[in-house]
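Below: one structure, written as C-alpha cells.
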C-alpha cells in the first residue's frame, strides 16, 4: 500500500476539525447552562502570554486549509486577521475548512509534495518542500492549536474528555 501526502494529512485534519467543531457545541451548551457570556469562554486563555480560545480554533483552519493554500501558492505567512468572537463565526471557520478539505482531489494534492514552499514571518524565512512544510511545520501547529483549544475548554470547566478531542477515528470497515 502506498501512503500518500493526502493520506498523511487530509483525513486526520478532517477528523480533528470535526472534533473541534463538536467541542464548540459543548462549549455553547456550557455557557448557556451556566449563564455565562460566550465572549468569556471565547476569550479565555491558559496563560496571560497565550492567545485565547477563539484564536486557537481559527488557527486549526489556518494550519490545515491555510497551510495547503500556502503550499499551492509557494508562501505561507502567519494569519494575523482577527478571529471570530462568537460561536457561529467559529463554527463557520471550521465548517468552511472541512468543506474545503473534503473537496480536495487526492491526485492533485499529492503533486504538492515537491512544491517549493516558504514560511515567512517578517524578515525570517524558512524554505521547505510542500510535504516537509505540511508534515513538519503546519501539521504540528495544527495539533498544537487543537490541543490548546481543548485544554482551554477543560480549564474553564467544559465537560469534555479525550474522546471529544479524538473525535471519530477511522476504523477498519
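Just one residue in the set 51, 94, 75, 24 is touching a helix residue (DSSP H, G or I) at 6+ places or on another chain (Cβ under 7 Å) and closer than 21 Å to residue 137 by Cα; that residue is 94. One residue alone among 169, 84 is loosely packed, with under 14 Cβ neighbours inside 10 Å, at negative phi and in a loop (DSSP other than H, G, I, E, B), and that residue is 169. Counting the residues of the stretch 44-66 that are free of Cβ contacts under 8 Å to residues at least 12 places away in the same chain and over 16 Å from residue 154 (Cβ atoms) gives 3. Scanning the stretch 52-72 for residues that are over 16 Å from residue 20 (Cα atoms) and buried (at least 17 other Cβ atoms within 10 Å of the Cβ) yields 66, 67, 68, 70, 71. Looking at the stretch 28-43, is at least one residue part of a helix (DSSP H, G or I), under 15 Å from the mean Cα position of the chain (by Cα) and at pLDDT 95 or above? Looking through the stretch 28-43, none of the residues is part of a helix (DSSP H, G or I), under 15 Å from the mean Cα position of the chain (by Cα) and at pLDDT 95 or above.
The values are calculated or read from the model by the stated rules, or taken from the named source; none is laboratory data. Nothing here was measured: the structure is a model prediction, and the numbers come from that model. Neighbour counts run over all protein chains shown; Cβ positions are idealised from the backbone, glycine included.
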